[in-house]
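J.: A single structure is presented below for examination.
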Amino acid sequence: MSLKPKQVTCQCGHTFTSSRDRAWCEHCASAVYYHAKDKNKHKLNHIYVTGVIVAVISFLTYVFMELIASPLLSL
Ligand SMILES: [Zn+2]
């Protein structure tokens, strides 16, 4: 997939031409997105994944407490 070459500016201030969704800065090696909003999309996705992982761990802890710890404590 190739996009129309466009000038993108990295957060470090380095400007270069990119024709990909995500390119790597030659100066600081961080990701530079072709569409500025893509950065937020990736960040939101990261927050969503973290939230799901926290929810799963909480649920597993609850199940563990209910099914394993409670019967042991009531003995
Ligand atoms: Zn940079």
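The values are calculated or read from the model by the stated rules, or taken from the named source; none is laboratory data. None of these values were measured; they are calculated from a predicted model. FYI the Cβ positions are ideal-geometry reconstructions off the backbone, even for glycines, and counts take in every protein chain you see. Just so you know, the surface numbers come from the protein's heavy atoms only, side chains and all, with ligands and any DNA or RNA stripped out. Shrake-Rupley method; radii C 1.70, N 1.55, O 1.52, S 1.80 Å.
J.: Could you check region 22-34 and list, in sequence order, the residues that are surrounded by 12 or more Cβ atoms within 10 Å (Cβ to Cβ) and within 16 Å of the chain's Cα centre (by Cα)?
T.: Within region 22-34, 22, 31, 32, 33 qualify.
J.: Follow-up question, since we're still on this one. Out of 60, 75, 44, report the one residue that is open to solvent by 100 Å² or more (accessible area, probe 1.4 Å), out of contact with any strand residue (DSSP E or B) (no Cβ under 7 Å at 6 or more places or on another chain) and modelled with pLDDT of 90 or more. Outline the logic, then answer.
T.: Numbers: 75 fails: modelled with pLDDT of 90 or more; 44 fails: modelled with pLDDT of 90 or more.
Going through 60, 75, 44 in turn, the sole match is 60.
J.: Residues to consider are 37, 6; find the one that is charged (D, E, K, R) and either touching a residue at least 60 places away in the same chain (Cβ under 8 Å) or open to solvent by 100 Å² or more (accessible area, probe 1.4 Å) (or both).
T.: 37 is the lone residue from the list that is charged (D, E, K, R) and either touching a residue at least 60 places away in the same chain (Cβ under 8 Å) or open to solvent by 100 Å² or more (accessible area, probe 1.4 Å) (or both).
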